[in-house]
1. If His93 satisfies all but one of (1) touching a residue at least 12 places away in the same chain (Cβ under 8 Å); (2) surrounded by fewer than 16 Cβ atoms within 10 Å (Cβ to Cβ), what's the number of the condition it fails?
2. Only residues in segment 41-54 that are more than 25 Å from Asn134 (Cβ to Cβ) count as the first member; pair them with residues that are at pLDDT below 80 and aliphatic (A, V, I, L, M), Cβ under 7 angstrom, at least 6 apart or cross-chain, and list the lot.
3. Within segment 77-88, is even one residue in a loop (DSSP other than H, G, I, E, B) and either on the phi > 0 side of the Ramachandran plot or of a type outside the set (Asp, Glu) (or both)?
4. Which members of segment 107-126 meet the condition of being hydrophobic (A, V, I, L, M, F, W, C) and modelled with pLDDT of 90 or more?
5. Give the number of residues within segment 102-119 that are assigned to a loop (DSSP other than H, G, I, E, B) and within 26 Å of Asn9 (Cβ to Cβ).
6. Mind counting the residues in segment 84-112 that are among the aliphatic types (A, V, I, L, M) and touching a helix residue (DSSP H, G or I) at 6+ places or on another chain (Cβ under 7 Å)?
Amino acid sequence: MDECLSAGNEVRCKRSLQANSALYKREGKSWAAVLVCLCAVSGDPALLFTLRSAKLKGRHKGDVSFAGGKKDPSDRTVVDTALREAHEELGIHITEDKVWGVLKPLHDMSGMMIAPVIANLGPLEELSFQPNPNKVGVTLHLYI
């Protein structure tokens, strides 16, 4: 498991996912992005999830999910969207150098493209979360 978040895996991931960014450049498509947060908890690899606030409107309130949301006009790329949404929801600033790549799009029931953006946040203990209580109820982690 020590190898899971290794520099070698980062290089492999970046190389194999590089072409996927072009899938989101089509004009006229609406998209959203989620940040798939890889991290380490006490040295063990983990994924970071949120429990969406019960205060949210719509069908996603109370869901376990990755931080994310719809593209804003100021977002140039799906990576911009994912990083901005993580900042708005979790109160953490994640730089683009932490991003390992973008997976192929998923489509929700409305036809919107969802871009899963993978980033390695490093040790969870070194991050200072300030979750937005209007969007996030709790942050959770799952060991992988």
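1. Failed condition: (1).
2. That search, which allows pairs on different chains as well, returns Asp44/Met1; Pro45/Met1; Pro45/Ile144; Ala46/Leu142; Ala46/Ile144.
3. Yes.
4. Those that are hydrophobic (A, V, I, L, M, F, W, C) and modelled with pLDDT of 90 or more: Ile114, Ala115, Val117, Ile118, Ala119, Leu121.
5. Taking segment 102-119 and keeping what is assigned to a loop (DSSP other than H, G, I, E, B), we get 103-105, 108-112.
Those left that are additionally within 26 Å of Asn9 (Cβ to Cβ): 103-105.
Total satisfying the criteria: 3.
6. Total satisfying the criteria: 5.
Yes or no, residue by residue, for (1) part of a strand (DSSP E or B); (2) under 22 Å from Arg12 (Cβ atoms); (3) touching a residue at least 24 places away in the same chain (Cβ under 8 Å):
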position	(1), (2), (3)
Gly69	yes, no, yes
Asp72	no, no, no
Asp97	no, yes, no
Leu121	yes, yes, yes
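The values are calculated or read from the model by the stated rules, or taken from the named source; none is laboratory data. All values derive from a computational prediction rather than experimental measurement. So basically every Cβ, Gly included, is an ideal-geometry build from the backbone, and we count neighbours across all protein chains shown.
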